[in-house]
Amino acid sequence: MSTRIAPLFLGTSLFMCSAAAVADPPAPPIAEKQPVSSTLHGDTRVDDYAWLREKSNPAVIAHLNAENDYTKTIMAHTEQLQETLYDEMLGRIKQTDLSVPYRNGPYFYYSRTVEGLDYPIYCRKRESLEAVEEIILDVNQLAKGHEYYRITSRAISLDHRYLAYAVDTTGYEAVSISIKDLTTGETSEAEIKDAGPWGLTWANDGKTLFYTRTDETKRTNRIFRHTRGADAFADVLVKREDDVKYGISVSRTRSDEFIRITSNSSTTSETWYVDASNPAAKFKVIAPRRQGVRYSVDHRRGANGGTFYIVTDADNSPNFKLVTAPVSDPSPTNWTTLIAHSPDVFLTGVSVFADHMVLSERRDGYTALSVHNFTDGNAHLIELPESVATVRPSTNVQYDTSIFRFSYTSLVTPSSVYDYDVNTRSRTLMKQQEVLGGYDPSEYETARGYAIAPDGARVPVSIVHRKGIKKDGNNPCLLYGYGSYGASMDPYFSSNNLSLLDRGFVYAIAHVRGGSEMGRHWKEDGRMLNKRNTFTDFIAVAEYMIEAGFTNPDRLAIRGGSAGGLLIGAVLNMRPDLFAAAHAAVPFVDVVNTMLDASIPLTTGEYEEWGNPNDSTYYAYIKSYSPYDNVAAQDYPHILITAGLNDPRVHYWEPAKWSAKLRAMKTNDNLLILKTNMGAGHGGASGRYGRYEELAFEYAFIIDRVGIPSSSVQTSAD
């Protein structure tokens with residue numbers, strides 16, 4: 001299912017400044033109050049800014065433009081800093097670069113970037129990396145004339161002749177699907193229109209393509225079967241999901257034997273399968289849905305169709321277990337436990353190959369990979385050089401191979417791709433992100449601390465800073481948080497963070513409940529009627545950072561995006577005294593109104609995350625923390641709010657309404673600015689240079705507002 005997930009990290013510079021007031025600052029835009037009253041469960045609510053939902057109303061667009069003009073003016077004194085930050089970010093990346101090629105059949109596939117061009121170029125070479133390059137898709141050429149252009153999904157047919165790709169030109173995630181003949185170079189433009197943005201899957205015949213469509217709320221609710229070259233009006237509806245709590249997806253197993261259709265809610269799932277060589281056949285269910293039971297499926301070839309490998313939380317296994325089932329009859333009565341449930345190991349996935357499988361796990365809050373050999377039955381963990389790090393499967397397309405590719409990173413180690421031989425247990429570094437400018441990881445220090453929540457829970461926090469900083473409480477700090485949907489915010493390297501660290505910043509990630517860092521219970525303890533734990537955990541981490549001497553309330557900035565913006569909004573209402581500045585990106589802050597409106601994308605599918613406010617118990621609980629509903633007449637920190645006009649996940653009006661209400665009610669003169677990208681959606685600008693401009697602006701706000709004194713910046717090259 002789609003969720004309100006936003007990008008995690010930001011950017012940096014060689015220029016330092018102090019928090020500065022604008023001489024004779026302009027008056028901020030004031031949104032007119034147009035009260036709308038509603039009563040539910042005996043509670044009457046007044047929404048003064050409901051009119052901002054009217055996207056077609058010229059007054060709404062005028063208001064957003066006025067906010068943008070005000071933001072530009074009020075931030076004008078940071079323009080030099082923004083330019084420096086932008087130049088610095090670009091100076092750290094290798095603008096002309098190449099991804100690690102991966103083998104898929106007779107080809108090596110990869111993408112590359114070219115300095116000065118916004119978008120990737122997708123390429124391949126046949127049999128050898130020394131062969132002539134074939135450009136299969138140059139997104140820069142396709143994007144000409146578009147303010148926004150994003151390839152949301154790509155799929156190569158099994159015979160490697162056809163490329164299907166989905167294109168979003170607004171940011172609203174409504175796509176058209178084109179099919180390119182890689183032999184002739186001919187493209188059938190927009191062969192399928194108004195499709196879902198993800199899930200393109202070819203059957204084995206090279207002419208049958210499965211894809212998704214969404215309903216009016218942007219819920220992915222249908223799977224269609226398309227015949228290449230045919231009129232899309234003739235496409236066959238294969239599966240329809242009518243339960244509004246579920247989203248549906250389609251994929252092919254690594255073994256290339258089966259097409260899978262999976263329907264997921266926050267708590268329950270169901271998977272159907274069909275022979276990938278007989279795509280017109282009827283899909284069969286593996287296990288009919290049972291409320292509260294989730295499972296995911298991979299496949300291993302063998303006699304009588306082979307074996308399904310199923311990761312499931314069935315039978316009181318909250319951290320999941322691994323079972324097998326014969327393809328001939330995979331119903332739960334035939335499930336055999338292969339890896340039992342463990343209270344100490346959270347099993348998050350399985351990758352099955354011909355002679356081995358790799359389990360993705362979480363142990364003591366950290367990611368891990370364990371290899372299990374089918375031939376001799378031996379199992380082992382892949383050894384990692386750091387503890388505060390993140391390891392995940394990378395691109396593993398080949399089924400018959402002893403090489404497993406994984407990605408590795410930490411707060412100080414740039415993103416690295418390894419090929420691991422599961423038989424010899426040796427790993428080969430295929431590529432590490434190159435950081436230009438003389439980066440030396442030994443000059444930085446990373447650690448994990450623990451804050452104590454009000455109920456006694458130990459909340460992890462990942463921390464990075466330059467070596468040698470003093471824990472005297474005077475360091476500027478940026479604290480990031482998310483905490484929803486069970487999404488874990490694992491530590492990873494960002495070259496953009498170096499500008500903060502080199503200015504003396506401490507960067508920290510609060511692993512609050514609502515994520516899954518500490519296992520399934522960590523998610524359950526931060527959702528539904530436990531949601532407030534997410535916010536009090538974050539406050540506890542902020543207090544820990546202060547008590548441990550890393551920072552103080554006058555130097556502490558916080559950031560979160562999307563559902564993480566809900567976190568930021570909630571803690572600003574609860575403890576505005578604890579922070580100097582906040583950045584809420586595409587923030588989900590109008591929770592009561594959004595969850596009461598079933599016509600809004602994601603609403604019905606998220607009743608199992610937040611609760612349905614049509615139930616009085618959930619209504620009262622959601623209202624108790626909803627940022628928009630709890631704005632108070634009190635002092636607030638400096639606040640930057642960013643939004644996207646075409647955002648289908650958190651509509652622009654949520655940050656717009658919240659900004660208007662904050663401005664009307666806050667009792668101090670601290671900065672409050674709203675910046676709306678008028679041509680993008682949830683993820684901001686589609687081009688990489690535009691994204692760096694946005695990051696430079698956001699970092700300039702943070703650096704400016706925490707009041708860093710003018711001084712030289714330490715760098716690895718010093």
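Per-residue ellipticity at 222 nm computed for the chain from its helices equals -5000 deg cm²/dmol, with DSSP H segments shorter than 4 residues left out and the rest contributing -39,500 (n - 2.57).
Neighbour counting of Cβ atoms within 10 Å sorts the residues E698, E654, fewest neighbours leading, into E698, E654. Remark: E445, E79, E130 ranked as E130, E79, E445, counting other beta-carbon atoms within 10 Å and listing the fewest first.
Average projection, convex hull of the Cα set of region 122-193: 5.3 square nanometres. Straight-distance candidates among the aspartates and glutamates for linking to K675, with alpha-carbon spacing under 16 Å and chain neighbours fewer than 8 residues away dropped: E67, D69, E79, D647, E654, E693, E694, E698. All distinct Cα pairs of region 423-532 go into the 1/r average, and the inverse of that average, the Kirkwood radius, is 16.1 Å. For the chain, the dipole from Cβ point charges (+1 on Lys and Arg, -1 on Asp and Glu) about the Cα centre works out to 1040 debye, to the nearest 20.
Less than 5 angstrom separates the built amide H of G644 from those of N677, all sequence-distant by 5 or more or on a different chain. Each other residue within a Cβ distance under 13 Å of L381 adds +1 if Lys or Arg and -1 if Asp or Glu, for a net charge of +1.
Here K94 is the anchor, and the lysines within straight C-alpha reach of less than 24 Å, apart from those fewer than 8 places off in the same chain, are K125, K144, K431.
When the charge dipole of region 259-390 is built from unit charges on Cβ atoms (+1 for Lys and Arg, -1 for Asp and Glu) and taken about the Cα centre, the candidate among H372, Y309, V345 whose Cα reaches farthest toward its positive end is Y309. Kirkwood analysis of region 63-198, using all unique Cα-Cα pairs, places the hydrodynamic radius at 17.6 Å. Counting neighbouring beta carbons within 10 Å and listing from fewest to most, the residues T413, T401, T44 come out as T44, T401, T413. Quick one: of K531/K666; K55/K239; K470/K531; K245/K657; K55/K193; K245/K531, which pairs are farther than 29 Å apart, Cα to Cα? Flagged as over cut-off: K55/K239; K470/K531.
Need one number: the % of Cα-Cα pairs in the chain sitting beyond the 42 Å mark.
Across the chain, Cα pairs with separations above 42 Å total 27 percent.
Here region 501-621 has an Rg and Dmax of 15.6, 50 Å, counting Cα atoms alone.
A short reminder: the numbers here are calculations on the coordinates, not readings from a lab. These numbers come from a predicted model, not from an experiment. Cβ: placed from backbone, ideal geometry, glycine included. Neighbour counts: every protein chain shown.
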